[in-house]
Amino acid sequence: MKHANISIFVPHNGCPNQCSFCNQKVVTGQERQPNPEDVRNAVEAARESLGRKSLDAEIAFFGGSFTAIDRRTMVAFLEAAAPYVQDGTVRGIRVSTRPDAVDQEILSLLKHYGVTAIELGAQSMDDNVLKLNRRGHTAKDVSLASELIRKADISLGLQMMTGLYGDTTKGSIDTARKLAALHPDTMRIYPTVTLKGTDLERLYDNGEYHPPSLEETVELCAELLHFFETQGIRVIRLGLHSTPDLDRNRVAGPWHPAFGELCQSRLFVKKLLESLKTNQAALGESITVFVSSQDISRAIGQKKENLRILEKNGYRVKFVAHPQISQGSFSFYNDQEKR
């Protein structure tokens, strides 16, 4: 069975302040706050659509700071979700929250109701960047909360943003290294997008904020993706989901509807180029590269971008799907010598 989240969005619920970049109603495409009945309806709808009594899924509360919302409301959500964990319909509950809204007492409560994963919106590990963007927490809060979550034997997910006001490429790389040192199970990477109605829009309009280009961001996030791979940390999301509200309210920033695929494709061609050079593949000759059928699109790149990159480096490449090549791998040979 394919894993999925049954997502319940609680836009901006529990957040004590307004971050410079944040407009959760736009990001989630939802304005109305949910109620416990919505939780039950979402699970039953997922079960009906998939035709299964049990689902390889987690009920996921996203979009706000779950552990900072009104306690009675939070418990009501958990009580609506918990029976589906107890009877095996789903395998757990996932919540996202702020690093400064986690303590031992709240973790005990979450475990009691079957919470299996907590994602912290770290965004940066630079206190100056956090302050400039009005996050209201510190890098130390991220470290302390991460330690508590891991000690509670709850899966730890961390989220970071690139291109924040006051941040740099080097700063994002430093943040990634510091987050990896906290040993999360999963990561999400979100490039900053300037939205209407945010403080970041004002900074952008005043010329105080200059968002990085899409090309710069793809290059950076491909590097971050590779780094987390080398650390054994799974990146489960790259870029914001595309929604009609996001399209209408996006002012500036490196957004693309297939941003994750762009980054994966860039990383693929980087690895291939390195291998071609290491193995002294012949420049100018036709080279056949065998890839998994699942990687053909990623290998070629959007609008054949990877073929152009390879050609610019002196390689004439043809990609061919091969049943014995696993996803993410490749092999190649040219006309003169099998590699």
Query raised in the report: Could you say which residue among 63, 88, 114 is at positive phi and in contact with a Gly (Cβ under 9 Å, 6 or more places away or on another chain)?
Result: 114
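Condition check ((1) farther than 25 Å from residue 332 by Cα; (2) open to solvent by 70 Å² or more (accessible area, probe 1.4 Å); (3) in contact with a strand residue (DSSP E or B) (Cβ under 6 Å, 6 or more places away or on another chain)) across all residues:
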{"residue": "221", "(1), (2), (3)": "yes, no, yes"}
{"residue": "234", "(1), (2), (3)": "yes, yes, yes"}
{"residue": "245", "(1), (2), (3)": "yes, no, no"}
{"residue": "250", "(1), (2), (3)": "yes, yes, no"}
{"residue": "260", "(1), (2), (3)": "yes, no, yes"}
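Can you go through 318, 303 and tell me which one is open to solvent by 70 Å² or more (accessible area, probe 1.4 Å) and touching a residue at least 12 places away in the same chain (Cβ under 8 Å)?
Working: 303 fails: touching a residue at least 12 places away in the same chain (Cβ under 8 Å).
Step by step, each of 318, 303 is checked, and only 318 is open to solvent by 70 Å² or more (accessible area, probe 1.4 Å) and touching a residue at least 12 places away in the same chain (Cβ under 8 Å).
Counting just the residues of the stretch 55-92 that are closer than 23 Å to residue 16 by Cα, outside any loop (DSSP other than H, G, I, E, B) and not hydrophobic (A, V, I, L, M, F, W, C), which one comes out nearest to the chain's Cα centre (by Cα)? Working first, answer last.
Within the stretch 55-92, the subset closer than 23 Å to residue 16 by Cα is 60-78.
Now narrow it down to the ones that are outside any loop (DSSP other than H, G, I, E, B): 60-62, 66-68, 71-78.
From what's left, not hydrophobic (A, V, I, L, M, F, W, C): 67, 71-73.
On the way: 67: 20, 71: 28, 72: 30, 73: 27 Å.
This residue is 67.
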Requested in this report: Could you tell me whether any residue of the stretch 165-182 is open to solvent by 10 Å² or more (accessible area, probe 1.4 Å), under 25 Å from residue 245 (Cβ atoms) and out of contact with any strand residue (DSSP E or B) (no Cβ under 6 Å at 6 or more places or on another chain)?
Outcome: yes
Report task. Output the residues belonging to the stretch 113-142 that are within 19 Å of the chain's Cα centre (by Cα) and of a type in the set (S, T, N, Q). Result -> 116, 123, 124
Query raised in the report: Does the stretch 284-298 hold any residues that are touching a helix residue (DSSP H, G or I) at 6+ places or on another chain (Cβ under 9 Å) and over 13 Å from residue 332 (Cα atoms), and which are they?
Result: 295, 297, 298
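Tell me yes or no: at least one residue of the stretch 281-301 is of a type outside the set (Asp, Glu) and under 20 Å from the mean Cα position of the chain (by Cα). First the steps, then the outcome.
First, pick out the residues of the stretch 281-301 that are of a type outside the set (Asp, Glu): 281-284, 286-294, 296-301.
Of the ones still in play, those that are also under 20 Å from the mean Cα position of the chain (by Cα) are 298.
Yes, because at least one residue in the stretch 281-301 is of a type outside the set (Asp, Glu) and under 20 Å from the mean Cα position of the chain (by Cα).
Checking the condition closer than 28 Å to residue 271 by Cα and either open to solvent by less than 10 Å² (accessible area, probe 1.4 Å) or of a type outside the set (Phe, Trp, Tyr) (or both), which residue from 138, 116, 192, 198 passes? Even if it seems obvious, please write down each step before you answer.
On the way: 138 fails: closer than 28 Å to residue 271 by Cα; 116 fails: closer than 28 Å to residue 271 by Cα; 198 fails: closer than 28 Å to residue 271 by Cα.
Exactly one of 138, 116, 192, 198 is closer than 28 Å to residue 271 by Cα and either open to solvent by less than 10 Å² (accessible area, probe 1.4 Å) or of a type outside the set (Phe, Trp, Tyr) (or both), namely 192.
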Report summary line: Scanning the stretch 73-89 for residues that are crowded, with 18+ Cβ neighbours inside 10 Å and among the hydroxyl-bearing types (Ser, Thr, Tyr), the one farthest from residue 115 (Cα to Cα) turns out to be 89
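Would you check if residue 41 is within 23 Å of residue 131 (Cα to Cα), polar (S, T, N, Q) and either open to solvent by 60 Å² or more (accessible area, probe 1.4 Å) or at pLDDT below 90 (or both)? Full working, then the answer.
Working: within 23 Å of residue 131 (Cα to Cα): no; polar (S, T, N, Q): yes; either open to solvent by 60 Å² or more (accessible area, probe 1.4 Å) or at pLDDT below 90 (or both): yes.
Answer is no for this residue.
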Report task. Any chance you could count how many residues in the stretch 321-337 are among the hydroxyl-bearing types (Ser, Thr, Tyr), open to solvent by 50 Å² or more (accessible area, probe 1.4 Å) and in contact with a strand residue (DSSP E or B) (Cβ under 7 Å, 6 or more places away or on another chain)? Result -> 1
Query raised in the report: Of all residues in the stretch 93-112, which are surrounded by fewer than 18 Cβ atoms within 10 Å (Cβ to Cβ) and either within 22 Å of residue 33 (Cβ to Cβ) or within 26 Å of the chain's Cα centre (by Cα) (or both)?
Result: 103, 109, 111
**Report entry** Where a residue in the stretch 154-170 is under 16 Å from residue 203 (Cα atoms) and at pLDDT 95 or above and its partner, wherever it lies, is among the aliphatic types (A, V, I, L, M) and part of a strand (DSSP E or B), with Cβ under 9 Å and at least six apart
**Finding:** 167/161
**Report entry** For residue 256: the one exception among (1) surrounded by fewer than 18 Cβ atoms within 10 Å (Cβ to Cβ); (2) on the phi < 0 side of the Ramachandran plot; (3) not in a loop (DSSP other than H, G, I, E, B)
**Finding:** (3)
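Do we have residue 130 as closer than 30 Å to residue 173 by Cβ, in a helix (DSSP H, G or I), open to solvent by less than 20 Å² (accessible area, probe 1.4 Å) and touching a His at 6+ places or on another chain (Cβ under 9 Å) here? Talk me through it step by step, then tell me what you get.
Values: closer than 30 Å to residue 173 by Cβ: yes; in a helix (DSSP H, G or I): yes; open to solvent by less than 20 Å² (accessible area, probe 1.4 Å): yes; touching a His at 6+ places or on another chain (Cβ under 9 Å): yes.
Here the answer is yes, as residue 130 does meet what is asked.
The values are calculated or read from the model by the stated rules, or taken from the named source; none is laboratory data. These figures come from a predicted structure and were not determined experimentally. For neighbour counting, all protein chains shown are included, and Cβ atoms are generated from backbone atoms with ideal geometry for every residue, glycine included. Side chains are part of the model used for accessible areas, which takes the heavy atoms of the whole protein and leaves out ligands, DNA and RNA. Shrake-Rupley method; radii C 1.70, N 1.55, O 1.52, S 1.80 Å.
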